[in-house]
1. Fully extended, how many nm does the chain gain between Thr114 and Ser258 (0.36 nm per residue separation, minus their Cα-Cα distance)?
2. Could you work out the relative contact order of the chain? I mean the mean sequence separation of Cα pairs under 8 Å and 6+ apart, divided by the number of residues, in percent.
3. For the chain, with all protein chains present and a 1.4 Å probe, just round the carbon and sulfur fraction of the accessible area to a whole percent.
4. Residues of the range 205-235 with amide nitrogen under 15 Å from the 7 Å Cα-to-Cβ point of Arg467?
5. State log₁₀ I(q)/I(0) for the range 228-329 at q = 0.10, 0.12, 0.13, 0.19 Å⁻¹ as given by the Debye formula over alpha-carbon point scatterers of equal weight, solvent excluded.
6. Once the Cα atoms of the range 1-118 are picked out, what are the Rg and Dmax in Å?
7. Compute the Kirkwood hydrodynamic radius of the range 3-204, taking the inverse of the mean of 1/r over all pairs of distinct Cα atoms, and give it in Å to one decimal.
8. Heavy atoms only, probe 1.4 angstrom, no DNA, RNA or ligands counted: give me Glu18, Glu351 ranked by accessible area, highest first.
Amino acid sequence: MSQRGYFTADEVRAAEAELFTRVPDGVPMRRAAHGLATVVAGELRARTGGVAGRSVTLLVGSGDNGGDALWAGSMLRRRGVAVSAVLLNPERAHAKGLAALRRTGGRIVAESGTPDLVIDGIVGISGRGPLRPRAAELVAALDVPIIAADLPSGVDPDTGAVSGPAVRADVTVAFGAYKPVHALAAPYCGRIELVPIGLRLPEPNLAALEPSSIGESWPVPGPADDKYTQGVTGICAGSATYPGAAVLCTGAAVAATSGMVRYAGTAAHDVLARFPEVIAAEDVSKTGRVQSWVFGPGAGTDAEARDRLAEILATDLPVVVDADGLTLLAADPDLVRNRPAPTVLTPHAGEFARLTGREVGADRVAAVRALAESWQVTILLKGRATLVADPGRVVHVNEAGGSWAATAGAGDVLSGIIGALLAAGRPPAWSAAAAARVHALAANLSAHEEFSAGAPTSAAPLLEHIRPAIRVLRTLATAG
């Protein structure tokens, strides 16, 4: 399974310490600075048409990140760029980097001025908390693109949390490894460029499935398959009050795979009017054989709904619980805790708080991991950076690239996709993470169809773009 790992500050520092035993002093910083200078030069060329004669200001803090910026500035000077540096802590500026900048003709200034680009070298992976007042004042006054060295200053490297003034970069140049901030706070990072510096990294505890890997593993019919062998998904969703939830959830399962979908509930008329290929019944016990269940969207929270949920959870089948189902579990967690069969819960932040009795908090990765471990289930925590935690395993993150899916009914679509993948025999964490990727891509395709700028979308057109999204991922797999 191909994936991109994200590594905490402690993990990166340990890898750097090992690297320092293999290479001469200063080499890792020069590698990082060279990569940073290369990206900055490319941005100058793309934005202004050239490199020589352009101007760059460095915002330089103490420590190695400031050193990276200073060394990069000296390299840009050799390419004819006018480089100025604002030293936020002159007494603690990186001595060798500062000397290199001065040797090449870089200037030390008190204000950022009006350069073509700014390099943020204020703090690195050791920084915590918001920008200090002087740095915040300088950043707030900027009206030019910002290139962040390793991570945007003021954003927590491990959690992506922002508690005050912070840099919002156009591009972030990651040194040696991707950090959690690059996925959890992507809007502050902009485009991310990775510069290898020779780190030997451990197995990640946070990772993202590569899109081509998802396309390669997506279930499609084989030579000997029929509608049963590909997986039969059971959907128990919707009601007289919320028939649309049943339509969206069932339709997503229909679109996601090529097997069969059975619907159990009171919205059968609405479901069949839109998807005549679905097999419908009013009761779970009369639905027929399925390989997975999805329960919850629009299903209600009364005693009858609870009984249906309990009946489904009593089976040995994989089950996805969403929406109203999560409200029922918050009132009666023992229905699902330590369930031996695969179980996927898909809360948003408010539902997470109801399940646990506390807010998600700044460290979303720790929060989702703790709930998965405590209840021994798979947790998908919704958000622009969706997190999927399996007990004792790597947490998967899906950075959606935007918030186009933040619309009513989109979660019903997501749960239907997950249920279909589970019915096809895919593992629960993979099913949740892969479904999140397809869901996000479908939302983006829906929002940007025929127009590059994008426009608001909703759950119904998102549903219509599930198959195009799967095609994109499968095309990436075959192209690779």
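The values are calculated or read from the model by the stated rules, or taken from the named source; none is laboratory data. These numbers come from a predicted model, not from an experiment. All Cβ positions, even for glycine, are placed from backbone atoms using ideal geometry, and neighbour counts span all protein chains on display. Note: areas computed on protein heavy atoms with side chains; ligands, DNA, RNA excluded. Shrake-Rupley method; radii C 1.70, N 1.55, O 1.52, S 1.80 Å.
1. Working: separation 144, 0.36 × 144 = 51.84 nm, distance 5.71 nm.
My answer for the length gained is 46.1 nm.
2. Values: 1095 pairs, mean separation 61.5, N = 480.
Relative contact order here is 13 percent.
3. Numbers: 10080 of 19680 Å².
That share works out to 51 percent.
4. Within reach of a label on Arg467, which here means backbone N under 15 Å from a point 7 Å along Cα→Cβ, the range 205-235 contributes 220-221.
5. Cα-only, vacuum Debye calculation for the range 228-329: -0.21, -0.31, -0.37, -0.82.
6. Using the Cα atoms of the range 1-118, the pair Rg, Dmax is 15.4, 50 Å.
7. Values: mean 1/r = 0.0607 Å⁻¹.
Every distinct Cα pair counted, the radius reaches 16.5 Å.
8. Values: Glu18 60, Glu351 20 Å².
Largest accessible area first, the list is Glu18, Glu351.
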